[in-house]
Structure formats: structure tokens, C-alpha cells
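Some notes on the structure that comes next.
The values are calculated or read from the model by the stated rules, or taken from the named source; none is laboratory data. Just so you know, these numbers come straight off a predicted model, no measurement behind them. Heads up, the Cβs are rebuilt from the backbone with ideal geometry, glycines too, and the neighbour counts pull from every protein chain shown.
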Ligand SMILES: [Zn+2]
């Protein structure tokens, strides 16, 4: 089993270094913490330090020390799909989709659930909790069940039926709350601070956050350590975006890859606090938001992680973009028809954002562009097509088939 090379928790604001432990904020300035690793060792070993398959192949750059705490349902190792037909439609030279729908609960969240619930075991907690629009809830619930822990899942009242069913099936305690994520998260954070449960939210826990870094490691490995020019990642509060960006940076610093991709932060237009601030060159003003079809992106107040996303975008010459709900639904259909990939609206918002950035000529299409599609479409609630059937005899069936296939 691979050793974890995690060394410390470092404050992203004041740079103070803390010993590894369960801490949600810097003791000196209350800033957010990020995990730091022995990059010298990574530089010396190169990718030979990796072993096995799936997410825990990257255990060296994850913060779970004891292999017994590395909870797994078979997450990670998702495909990086070259999409030539879609690339032609969009006028892009090379388009890659990092499709995270095949994860055990159908979403990228399984990466952070594996390390989040693993950390709950590592620090001796008996119960986890999360406030969720659906995907995080079912994922944390499933991983908690797998680890033998209780999970207290607070679910958005407008969560899709398939997501609600999945949460109800896997959690020990499901609570439906009124309103949106922003309405509950402040109260919930204080209960997490009091240690009533292990924080499996997206806002502060560096251990949970860390699992998503494996997206970057997988993309790099799947491109033979020559990563794409651009990576488009979804942003609600910013966990996936920040973790992916740092994964690439670690590999660059360890000399595994020659350069880091340009990171694009993708938001739903109905929850676009970071995009607005990026464009205006200001700090983030929290938004009061309503429903967006991209449920998982429905955060109007991304909090301090939102500030972190903005800082990364500015320091590293990134880009931010948004897409309207109808554009997201159109992108969902287009991806299914052209490449056979059925992502959910939360997952394909990135593709809709890419389409808009290309239309606006904000991105050079003559590059290799990778889009993270973060969830399966199988948990999407939508009107099915008409069920009105037709009775056939053999002759009418043959006529229909010949007509449809143009014979
Ligand atoms: Zn600090």
C-alpha cells in the first residue's frame, strides 16, 4: 500500500503551517487551509509512486495515512473521451470530455466522499453530515454506509426525484429543508465547528476537498503527462475547480508535467456570483438565487472558497464563463446525440459555457480543450418522450424501417 506524502495544512491567506489534524480554519487568521505534500519526494520518484487503480492509485497525494481508512466503492479511473464529432460541431481542434458519470453514485462527488469519509474514520468520528442539492447527499451517504458511519443528510426540497430516492436509500438520516443551500449552510457550519458531526461539506474541509484533485492526476496520466491546453471545470462553491487546479500545479512543481492548463470556471447564469466578480474586477457580492436546472451549481454565496477561485483565476490567467438554463439543456442533448454521453444538467453546464466562450471568441479553438462533465444524466428528472405507441404487421414494420434508414 502506498504511503501518503501529506505533510501539513497550510493557510492560503497568511501561510501559517499547521500539523496534520482535523482543522477547518487557520488558528492565526481563520483562513482556509490546504494540504501540502512532500513535492521533493514526488519529484524524485516521478509517477512510479502511483500504484493500483481508481482513486486510491493516487494515495501518495491524498491525505489518508492508514490504508484501512481508504474507503472505496470503486471511484475514480473515469474515462477521458476524445470527442471528434462534437469538436467538429463546435469548431474546436481537439475536444476531450473527462466524464465522471461512471463513478459509483454517478458523480464527481465520489472522489471527495472517498477522502472525506476516509478522514472521518481517520479522526475517529461516528457520523458525517452534508447540506446537499442531491449529488453530494447520496454520495456522502453511500460512502458513510460503506464505512459503517451514520450520515445526517440535509437535502434541498427541490432535489430531483431520482436523487432524493438515492439519498433516502443510502443515508441513515434524511432531513428535507426549505429554501436553497445558502439558507441553511451558515447554521450548519456552526454545528460542524462544535464537532457534532464530521464536516463533509464543500466549503472548508481540506481533507474532503482533496479527493477531487485526482481529476487532474487522471487527466495528466491519460494524456501521457502532456495535459490539455484548457480545462473547463464546474464551480458552485469551487471545490472541483480549486482541487483540479492544484493537482496540475503539484504535478508541475514535481516536474511530472511541462505546464499547467488554463483553467476555466463554469457557472450557471442563475448562480453566477464568481463570473460577475471576475468580469467586473471586484470582490464577490453574494446573490439571492432561485432555481437553476443545474441544481448542483445553485450556490449564490460561494463564501471564502469563492474568493479563492477568484484569486486563482486572476493569479493564473484563468477564465470564467456562464450559461443559461436553456443553453445547458441544449448542450445536454447535443452531447448525448453526438457522442453518446448522457450527462446531467449540473454536469454539462461546463460544455454549455465552453460553447458560449467559443461563440464570444474568448477561447482559441485551435487548442486541446478538456471539459469536465461531472455527473450522469441518469439521475435527471425530466419529461419522458411521448409513450403513444403504434401497432405493426410485418409489412408496415418493413416500410417504417426502410423509411427511417433511407433505403
Ligand atoms: Zn492564516
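Tabulated data for the structure shown
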| item | result |
| --- | --- |
| Any hit, region 164-181, residues being touching a helix residue (DSSP H, G or I) at 6+ places or on another chain (Cβ under 7 Å), in contact (Cβ under 8 Å) with a residue 12 or more places away in the chain and more than 21 Å from residue 376 (Cα to Cα) | yes |
| Pair list, Cβ under 7 Å, 6 or more apart: region 25-37 residue free of Cβ contacts under 8 Å to residues at least 24 places away in the same chain, other residue more than 7 Å from the ligand (Cβ to nearest atom) and assigned to a strand (DSSP E or B) | 26/33; 27/18 |
| Residue check, residue 320 modelled with pLDDT of 95 or more, under 28 Å from residue 9 (Cβ atoms) and in contact with a strand residue (DSSP E or B) (Cβ under 7 Å, 6 or more places away or on another chain) | yes |
| Counted residues, region 334-382 - those being within 17 Å of residue 78 (Cβ to Cβ) and assigned to a strand (DSSP E or B) | 7 |
| Within region 151-163, tally of residues that are out of contact with any helix residue (DSSP H, G or I) (no Cβ under 8 Å at 6 or more places or on another chain) and modelled with pLDDT of 95 or more | 1 |
| Subset of region 352-407 (residues that are on the phi > 0 side of the Ramachandran plot and modelled with pLDDT of 95 or more) | 361 |
| Matching helices (runs of 4 or more DSSP H) fully within region 184-281 where at least 1 residues are touching a residue at least 60 places away in the same chain (Cβ under 8 Å) and touching a strand residue (DSSP E or B) at 6+ places or on another chain (Cβ under 8 Å) | 206-210, 214-222, 239-253 |
| Elements of type strands (runs of 3 or more DSSP E) contained in region 1-103, each with 1 or more residues being more than 18 Å from residue 222 (Cβ to Cβ), within 16 Å of the ligand (Cβ to nearest atom) and at pLDDT 95 or above | 6-11, 33-37 |
| Selection count, region 110-132, where residues are surrounded by 24 or more Cβ atoms within 10 Å (Cβ to Cβ) and in contact with a strand residue (DSSP E or B) (Cβ under 8 Å, 6 or more places away or on another chain) | 9 |
